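Here's the structure, in structure tokens; my notes come after.
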Amino acid sequence: MTDARGRVVAWSTSAAQLVGLDSTEAVGRPVVDLLGTQPRWLTGPDEWRGTLEIRGLEGDSRQVPVRASRLGDGTGEEPLWLLAHETVEPFPTGHTLTHWLRTDCPVAVAIYDARLHCVLQNAEMRRLLGASHEEYVGQGLSAALIGVGVEEWEARLRRVLESGQADEGFPVRVRALSDPVHERRFTASVAPLRGPAEQAVGVCITVTDTAERRSAQERLALLNEASISIGRTLDVMRTGQELADLAIPRLADYVCVDLVDALLSGEEPPHGPATGAVLRRVANRSIHEGTPEAVVSVGDVDFYPANSAQAHCLTTGRSALYRTPSEAAWVLEDPLRMAKVQEYGFHSWMIVPVDARGTTLGVAMFLRSRHSAPFDDEDLTLAEEVVARAAVCLDNARRFTRERTAALTLQRSLLPQRLPEQSAVQAAFRYLPGAPELGVGGDWIDVIPLSGARVALVVGDVVGHGLQASATMGRLRTAVRTLADVDLAPDELLTHLDDLVIRLASESETAEGVAASEIGATCLYAVYDPVSGRCCLARAGHPLPAVVWPDGTSALLDLPAGPPLGLGGLAFESVEVELPEGSLLALYTDGLIAARQQDVGTGLDRLLLELSGVHTSTDALCDQVVEALLPDHRTDDAALLLARVRQLDADQVAIWDVPADPEAVAGTRAHVVRQLRDWGCEAAGFVTELVVSELVTNAIRYGSSPIQLRLIRDRSLICEVIDGSSTAPHLRRARAFDEGGRGLMLVAQLTQRWGTQQTPDGKVIWCEQALPAEI
């Protein structure tokens, strides 16, 4: 440092190293003696830059860049000059730094004086506070902000000013006077500005806007919640409602979801028509209770014209964003929707296509009324992501609905659509599938008319769920009907059915790798005879049947359990019981008694309680039992068959003992003719005489005693010939010159159907013919 005359008044260590003289040798001497150059800066401006040639002690010299700056000497008389060796290019300070801070600094910065009045704020701070520089400079925080957070913020500024200690990273929640509706959240830091005496003369505030970070976090949270809360079930309606529930109120004030009608039945949705769109409303949700803004109720269908955003979205697969009502021309053209817009103040729309795997399933519409800010592009992107996740769930639900509908259609086609007409029992049944996620089951019931006005009652349950169980059920039901036509006893029928299940299991293991133990079933088979009033039953691992006696009391019939079908090697046993007129027989699967109750015993007690009493209609009783025993969400299929037994009147049955003598045939025909006359069936006399003659003659020739003829007048005229031989006849076509062999052929051609039935004491040959029309 030199004075105004060029004498050295201060000499630094760096100067000593550069020149080779210490401060004691340099201070007080002219700078021209030390540096070998004239002090050209003394006559120049306040600041001078140049290159000086500095000589060393050994006579060497070098060029050194130097900056000379005029300084006050502290006395106010002559200035002092500071000489600095510039080793690098100088950083632009002063005006350049101030300009960058005001205009280009990405951090919001403001400087306040000791009175906490704003001295300077940069462009970023003006954007955050919403106040111009001219309006705010010279005033405190309350001139631009409102809210309880302003007082706390000013208190922090005052503490920093008084203590001189910085306060960093504290949250601020305020509202700007320019936008008092929306709250703003900042993270602020305050540092003291110190004067020459180290005292705080002001504070510097730096502010970071956390709104964008918070908004990103909220969007991520919304998307995460969408992954969890949407698609929890495979139900189209519920999935659509979950989408609407998620968006309210965080994204919109009203949301509705419209899907193509085919989606609800699982069919492939058609492409959006150019002439408009017919959509079914599956979900409504609003910030208002009861969703009063909705023009269409859930479940109803609405038509959107070709110029509507909905039709456009279905056709193009692209979203639409309307920031003002004037942009939505299709809304302005609809008086009903326009009335809702005016009533609730809707001002912004987003219509997003529900698109999954390249197929547009419908549209979701988001509206804002209470939110003052219109939807922006970020809102649209968020809505598209949420809807895209929901669309996959909706498509999964559609595919599941289609597969389940196909499976249920298959299963129901294998079950009886209606019970056959017969006189033995008044029957009603119910089949209720389990929960959709379990797939179709293998429960089935059947009512099969047999010869002699008898009827077979069947109930079964195949192990497992799905198409495999349903297909197995169809096979078993067909097998039971086939075996029933042969008129096998219940225990024999179950034995044949057991062999069939074993073969099916073996075939499945070979063809599909399914273990044989995975295919099994239970079954109960009962045959009721309305002539004798007796019922023969056998079961294969199935729950016991229940019976309600005519006095209203109920009980379980005691039957041998029998092994489940598919085990093999174990015998089945039949039990015969007498059922008085009006008794009610209840057959069911275990899904009925174990659905709501914790154990089967409790379910059986509840079943017997519901069956007890006087009931006039089996159909109404079915509904009562199902409602009492089955919950809304079932974990297994359930089947119930109720049959109230009837007995034929004594005058509907005629029985004759026939001697084993061919001459007795004529007398037997005469008995039949008289009986038909008493019944008013003379028109059937000719055919019946021929049939009786052939069957009785065959019994006398080829059968054994005792021989008996029975006529039954029911829905048809039934002729039965019983004999003591177990040899069954067979139908054959006689040749031209054969003297016999035409009897059964004649019976088959003259009657509706015929057959044989094996009995413990022999056999029964029977045939049926239609009654005359007047009967």
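The values are calculated or read from the model by the stated rules, or taken from the named source; none is laboratory data. A quick note: this is a predicted structure, and the numbers were derived from the prediction, not measured. Positions of Cβ are backbone-derived with ideal geometry, glycine not excepted, and every protein chain shown enters the neighbour counts.
What single numbered condition from (1) within 30 Å of Arg184 (Cβ to Cβ); (2) modelled with pLDDT under 85; (3) not in a helix (DSSP H, G or I) fails to hold for Ser326?
Condition (3) is where Ser326 drops out.
For segment 99-120, which positions are surrounded by 14 or more Cβ atoms within 10 Å (Cβ to Cβ), more than 52 Å from the chain's Cα centre (by Cα) and modelled with pLDDT of 85 or more?
Those that are surrounded by 14 or more Cβ atoms within 10 Å (Cβ to Cβ), more than 52 Å from the chain's Cα centre (by Cα) and modelled with pLDDT of 85 or more: Ala110, Ile111, Tyr112, Asp113, Leu116, His117, Cys118.
Under the condition of being closer than 18 Å to Ala200 by Cβ and among the hydrophobic types (A, V, I, L, M, F, W, C), which residue from segment 149-169 is surrounded by the fewest Cβ atoms within 10 Å (Cβ to Cβ)? Steps first, please.
Within segment 149-169, the first condition is being closer than 18 Å to Ala200 by Cβ, and the residues that meet it are 153-168.
When the remaining residues are screened for being among the hydrophobic types (A, V, I, L, M, F, W, C), the result is 153, 155, 157, 160-161, 166.
Working: Trp153: 23, Ala155: 10, Leu157: 19, Val160: 23, Leu161: 21, Ala166: 12.
The qualifying residue surrounded by the fewest Cβ atoms within 10 Å (Cβ to Cβ) is Ala155.
Looking at segment 184-238, which of its residues are of a type in the set (A, V, I, L, M), surrounded by 15 or more Cβ atoms within 10 Å (Cβ to Cβ) and assigned to a loop (DSSP other than H, G, I, E, B)?
Answer for segment 184-238, where residues must be of a type in the set (A, V, I, L, M), surrounded by 15 or more Cβ atoms within 10 Å (Cβ to Cβ) and assigned to a loop (DSSP other than H, G, I, E, B): Ile230, Leu234.
Taking segment 600-640 only, how many residues are at pLDDT below 85 and among the acidic types (Asp, Glu)?
Residues in segment 600-640 being at pLDDT below 85 and among the acidic types (Asp, Glu): 3 in total.
Is it the case, given these coordinates, that Asp632 is acidic (Asp, Glu) and in a loop (DSSP other than H, G, I, E, B)?
yes
If only one of Thr87, Thr96, Thr51, Thr24 is more than 60 Å from the chain's Cα centre (by Cα), polar (S, T, N, Q), outside any loop (DSSP other than H, G, I, E, B) and at pLDDT below 75, which one is it?
Values: Thr87 fails: outside any loop (DSSP other than H, G, I, E, B); Thr51 fails: at pLDDT below 75; Thr24 fails: at pLDDT below 75.
Exactly one residue qualifies, and that residue is Thr96.
Outside the structural domain of Leu457 (by TED's automatic domain parsing), in contact with a helix residue (DSSP H, G or I) (Cβ under 8 Å, 6 or more places away or on another chain), part of a helix (DSSP H, G or I) and touching a residue at least 24 places away in the same chain (Cβ under 8 Å): does that describe Val625? Walk me through it before giving the result.
Numbers: outside the structural domain of Leu457 (by TED's automatic domain parsing): no; in contact with a helix residue (DSSP H, G or I) (Cβ under 8 Å, 6 or more places away or on another chain): yes; part of a helix (DSSP H, G or I): yes; touching a residue at least 24 places away in the same chain (Cβ under 8 Å): yes.
No.
Taking only segment 178-191 into account, find how many residues are within 20 Å of Arg370 (Cα to Cα) and touching a helix residue (DSSP H, G or I) at 6+ places or on another chain (Cβ under 8 Å).
Qualifying residue count, segment 178-191: 1.
Name, by its number, the condition in (1) in contact with a helix residue (DSSP H, G or I) (Cβ under 7 Å, 6 or more places away or on another chain); (2) surrounded by 17 or more Cβ atoms within 10 Å (Cβ to Cβ); (3) at pLDDT below 90 that does not hold for Gly591.
Condition not satisfied by Gly591: (1).
If you scan segment 124-140, which residues turn out to be modelled with pLDDT under 75 and among the acidic types (Asp, Glu)?
Within segment 124-140, Glu134, Glu135 meet the criteria.
Within the bounds of segment 662-681, is there any residue that is within 30 Å of Leu607 (Cβ to Cβ) and either of a type in the set (Asp, Glu) or buried (at least 17 other Cβ atoms within 10 Å of the Cβ) (or both)? Even if it seems obvious, please write down each step before you answer.
First, the residues of segment 662-681 that are within 30 Å of Leu607 (Cβ to Cβ): none.
There is no residue in segment 662-681 that is within 30 Å of Leu607 (Cβ to Cβ) and either of a type in the set (Asp, Glu) or buried (at least 17 other Cβ atoms within 10 Å of the Cβ) (or both).
Every residue, every condition in (1) surrounded by 14 or more Cβ atoms within 10 Å (Cβ to Cβ); (2) assigned by TED's automatic domain parsing to the domain that holds Glu78, yes or no:
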{"position": "Asp3", "(1), (2)": "yes, no"}
{"position": "Gly36", "(1), (2)": "yes, yes"}
{"position": "Arg40", "(1), (2)": "no, yes"}
{"position": "Pro45", "(1), (2)": "no, yes"}
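Which of (1) buried (at least 19 other Cβ atoms within 10 Å of the Cβ); (2) within 20 Å of Gln422 (Cβ to Cβ) is the odd one out, the single condition Ser617 does not satisfy?
(1)
Taking segment 170-183 on its own, how many of its residues are surrounded by 14 or more Cβ atoms within 10 Å (Cβ to Cβ) and within 10 Å of Gly149 (Cβ to Cβ)?
4
Considering only segment 463-497, state which residues are surrounded by fewer than 22 Cβ atoms within 10 Å (Cβ to Cβ), part of a helix (DSSP H, G or I) and of a type in the set (Gly, Ala, Ser).
Within segment 463-497, Ala471, Gly474, Ala479, Ala484 qualify.
Can we say Leu145 is at pLDDT below 85 and closer than 17 Å to Leu161 by Cβ?
no
Go through segment 522-541 and give me each residue that's within 16 Å of Asp498 (Cβ to Cβ) and in a strand (DSSP E or B).
Thr522, Cys523, Leu524, Tyr525, Ala538, Arg539, Ala540
If you check Phe170 against the conditions, is it assigned by TED's automatic domain parsing to the domain that holds Asn122, part of a strand (DSSP E or B), out of contact with any Cys (no Cβ under 7 Å at 6 or more places or on another chain) and more than 30 Å from Ala247 (Cα to Cα)? Before you say what the answer is, go through the steps one by one.
Values: assigned by TED's automatic domain parsing to the domain that holds Asn122: yes; part of a strand (DSSP E or B): yes; out of contact with any Cys (no Cβ under 7 Å at 6 or more places or on another chain): yes; more than 30 Å from Ala247 (Cα to Cα): yes.
Spelling it out, Phe170 is indeed assigned by TED's automatic domain parsing to the domain that holds Asn122, part of a strand (DSSP E or B), out of contact with any Cys (no Cβ under 7 Å at 6 or more places or on another chain) and more than 30 Å from Ala247 (Cα to Cα).
For segment 635-686, give me each residue that is part of a loop (DSSP other than H, G, I, E, B) and farther than 30 Å from Leu611 by Cα.
Selection gives Pro659, Ala660, Asp661, Pro662, Glu663, Gly680, Cys681.
Those residues that are under 11 Å from Leu223 (Cα atoms) and small (Gly, Ala, Ser), I need them from segment 373-391; list them, please.
Ala383, Ala388, Ala390
Here is a check on your reading of the model: is Asp245 out of contact with any Pro (no Cβ under 7 Å at 6 or more places or on another chain), at pLDDT below 85 and surrounded by 13 or more Cβ atoms within 10 Å (Cβ to Cβ)?
In short, no.
Determine the pairs where a residue that is closer than 21 Å to Ala546 by Cβ and in contact (Cβ under 8 Å) with a residue 60 or more places away in the chain, located within segment 447-474, has a partner that is of a type in the set (Gly, Ala, Ser) and assigned to a helix (DSSP H, G or I) with Cβ atoms under 9 Å apart, the partner being 6 or more residues away or on another chain.
Ala456/Ala484; Val458/Ala484; Asp461/Gly591
Out of all the residues in segment 319-332, which are in contact (Cβ under 8 Å) with a residue 24 or more places away in the chain and farther than 19 Å from Leu243 by Cβ?
Correct list: Tyr322, Arg323, Thr324, Trp330.
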